[in-house]
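The values are calculated or read from the model by the stated rules, or taken from the named source; none is laboratory data. Fair warning: this is a prediction, and the values are worked out from it, not measured in the lab. Please note: Cβ atoms are built from the backbone with ideal geometry, for glycine as well, and neighbour counts cover all protein chains shown.
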Amino acid sequence: MTDRYAVVGHPIAHSQSPRIHRLFAAQTGQDLSYEAILAPLDGFAVTLRRFVAEGGKGLNVTLPFKAEAFILADICSPRATQASAANTLTVGADGRLWGDNTDGVGLVRDLKEALGLTLFERRLLILGAGGAACGILGPLLEEGPRGLVVANRTAARAEALADRFHCLGPVRGMGLAALAGADPFDLILNATAASLSDAVPDLPPGLVAAHTVCYDLAYGHGPTAFMHWAQQQGAARAEDGLGMLVEQAAVAFELWRGIRPDTAPVRAALRQGAPQAPDADS
């Protein structure tokens, strides 16, 4: 019998996840179906229960339901617990839901394996203190950076997020304006939603040096506004988040099917048909 999987979100028509997982399945010879499900903003729990009752095996969860998925899961992985959000749900043989968060590990895989970057002993800057930042902060700190700064328009949110993760490594939070005068960073990650509106966070000069790599968690058919900003600042490289999307999906696929797909050909296939407008999730 063909196993059923899906991605759930609101909105969901833009999602690349069905194509990604179908490519993974074809590559690895797995018998599964994968669809996109639009859940009402107040109806995620009902949608989830229906999916499980109909025999579904696993779900990817995208905006705005990751925090609710974490709450509804019966058991959660340490990385989902760190983020207080789950983007992957697995239905156990006993019907219980296992929650995980593959965003951060997917990002780290893209940075290290696809882009060839080193995170150990590097100075990192995350822009934004929302759900996207929560999902990536733990796995980044586990890589042993020399320091990690979370900067947000509202300083209190960045400080609170840093406090949550301080036990994992050297992290501190601050407002965007407090970045003025800081030494250039080795890696700057844009985890804000600014690229979705073709904007860039209000950043002081001097954050980028000739060696700095800038990475936007959003992605589109061409460079995002943040990538354009990075290029104008003289960054060594400006990358988007399409690779992260593919890698986090590969982690979920391996959790479900017990086999790790080759992400390089899938990433290349998506590059040929990436969406015109920037997207920040599945």
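Structure data summary
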read-out	value
All positions within the stretch 122-141 that are among the small types (Gly, Ala, Ser) and either over 15 Å from residue 152 (Cα atoms) or part of a loop (DSSP other than H, G, I, E, B) (or both)	128, 129, 130, 135, 138
Filter result for the condition that a residue is in contact with a helix residue (DSSP H, G or I) (Cβ under 6 Å, 6 or more places away or on another chain), buried (at least 20 other Cβ atoms within 10 Å of the Cβ) and of a type outside the set (Val, Ile, Thr), over 253, 185	253
Which listed residue is within 14 Å of residue 233 (Cβ to Cβ) and either free of Cβ contacts under 8 Å to residues at least 24 places away in the same chain or out of contact with any helix residue (DSSP H, G or I) (no Cβ under 7 Å at 6 or more places or on another chain) (or both), from 179, 203	179
Qualifying residue in the stretch 104-113 (condition: touching an Asp or Glu at 6+ places or on another chain (Cβ under 6 Å) and charged (D, E, K, R))	yes
Unique match (being of a type in the set (A, V, I, L, M, F, W, C) and assigned to a loop (DSSP other than H, G, I, E, B)) among 266, 246, 208	208
Members of the stretch 109-124 that are in contact with a Leu (Cβ under 7 Å, 6 or more places away or on another chain) and of a type in the set (A, V, I, L, M, F, W, C)	111, 117, 119, 124
Hits in the stretch 225-240 - residues which are among the charged types (D, E, K, R) and in contact with a Ser or Thr (Cβ under 8 Å, 6 or more places away or on another chain)	240
Residue in the stretch 94-116 that is farthest from residue 244 (Cα to Cα), counting only those that are surrounded by fewer than 18 Cβ atoms within 10 Å (Cβ to Cβ) and modelled with pLDDT of 95 or more	96
Selection within the stretch 224-238 - surrounded by fewer than 24 Cβ atoms within 10 Å (Cβ to Cβ) and under 18 Å from the mean Cα position of the chain (by Cα)	238
Matching entry among 57, 66, 112 (being assigned by TED's automatic domain parsing to the domain that holds residue 189 and of a type in the set (D, E, K, R))	112
Inter-residue pairs, beta-carbon under 9 Å, first in the same structural domain as residue 188 (by TED's automatic domain parsing) and in a loop (DSSP other than H, G, I, E, B) and in the stretch 214-232, second of a type in the set (D, E, K, R) and at pLDDT below 95, 6+ apart	217/281; 218/279; 218/281; 220/279; 224/198
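Results for (1) of a type in the set (A, V, I, L, M); (2) at pLDDT below 95, shown as yes or no for each residue.
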| residue | (1), (2) |
| --- | --- |
| 175 | no, no |
| 179 | yes, no |
| 183 | no, no |
| 189 | yes, no |
| 195 | no, yes |
| 204 | no, no |
| 210 | yes, no |
